[in-house]
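What follows is calculated from the coordinates using simple rules that are stated; it is not laboratory data. Being a predicted model, the structure only gives us computed values, none of them experimental. Counting neighbours? That spans all protein chains shown, and the Cβs are built from the backbone with ideal geometry, glycine included.
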Amino acid sequence: MIQLQKGERAPDFALVDQNGIIVSLSDFRGRRVLLFFYPKAGAAGCTNQAASLRDAKEEFEKMGVVIVGISGDTLEAQKKFGDKHMLGFQLLSDPDHKISESYGVWGEKTTAGKKSMGVTRSAFLIDWNGTVMEAWYKITPKDTVPKALKAMQNELGK
């Protein structure tokens with residue numbers, strides 16, 4: 001499985017969000033993107049991660065960062081998840097896992113001793129030109145916001 005590295009070009013994509021809008025990474029040129037991949041809308045860890053991002057959304061926006069989530073869930077599941085938790089950011093559906101594969105987050109994983117194929121929770125900070133600023137594979141829900149904020153603070157402090 002590939003893993004994107006800092007300084008590499010982030011793979012572009014065209015996926016549909018929870019409101020039926022086609023979204024591409026290139027739509028965000030000129031802005032930074034915090035792109036996070038999560039295993040399943042509504043699962044406890046995914047809910048905790050998304051809620052922490054929702055709660056930090058204003059702080060990220062002040063730094064010029066847009067938050068976007070991707071999972072293999074259906075559009076209906078994404079909509080229900082976003083509405084129920086009032087997330088306020090786009091959740092994209094990647095049902096065939098092609099984008100997850102291109103980011104190196106789709107593959108065999110072990111959960112509770114059981115092997116299966118799925119998304120490994122990961123996050124990517126992408127600059128205004130589509131270049132990976134930071135890549136966090138196997139990130140925990142509680143570490144997503146602090147690590148991304150620290151990376152942005154370091155970037156802005158330069």
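Calculate the translational D of the range 1-62 in whole µm² s⁻¹ from Stokes-Einstein, where the hydrodynamic radius comes from the Kirkwood formula applied to all Cα pairs, the temperature is 10 °C and the viscosity 1.306 mPa s. Rounded, D is 114 µm²/s.
The H on the amide N of Gly72, modeled in the peptide plane, is under 5 Å from the matching H of Asp94, each at least 5 residues off or on a different chain. Counting every other Cβ atom within 10 Å of each residue's Cβ, Ile126, Ile21 order from fewest to most as Ile21, Ile126. Computed over the range 43-102, the convex hull of the alpha-carbon atoms projects to a mean area of 4.3 nm².
Remark on the chain: Rg and Dmax equal 14.4, 44 Å (Cα only).
Ellipticity at 222 nm from helices only: DSSP H runs of n ≥ 4 in the chain, each -39500 (n - 2.57), divided by the residue count, give -10000 deg cm²/dmol.
Of all DSSP bridge pairs formed entirely within the chain, close to 70 percent run antiparallel. Pairs from the table (Lys40/Lys115; Lys57/Lys98; Lys109/Lys138; Lys6/Lys147; Lys40/Lys142; Lys80/Lys115) lying more than 18 angstrom apart at Cα are Lys57/Lys98; Lys80/Lys115.
Footprinting exposure proxy ranking of Arg31, Arg121, fewest other C-beta atoms within 10 angstrom first, gives Arg31, Arg121.
Evaluating 6.51 cos²θ - 1.76 cosθ + 1.60 at θ = phi - 60° for every residue in the range 32-44, the Karplus couplings come out as 8, 10, 9, 9, 10, 9, 9, x, 7, 4, x, 5, 4 Hz, glycine and proline recorded as x.
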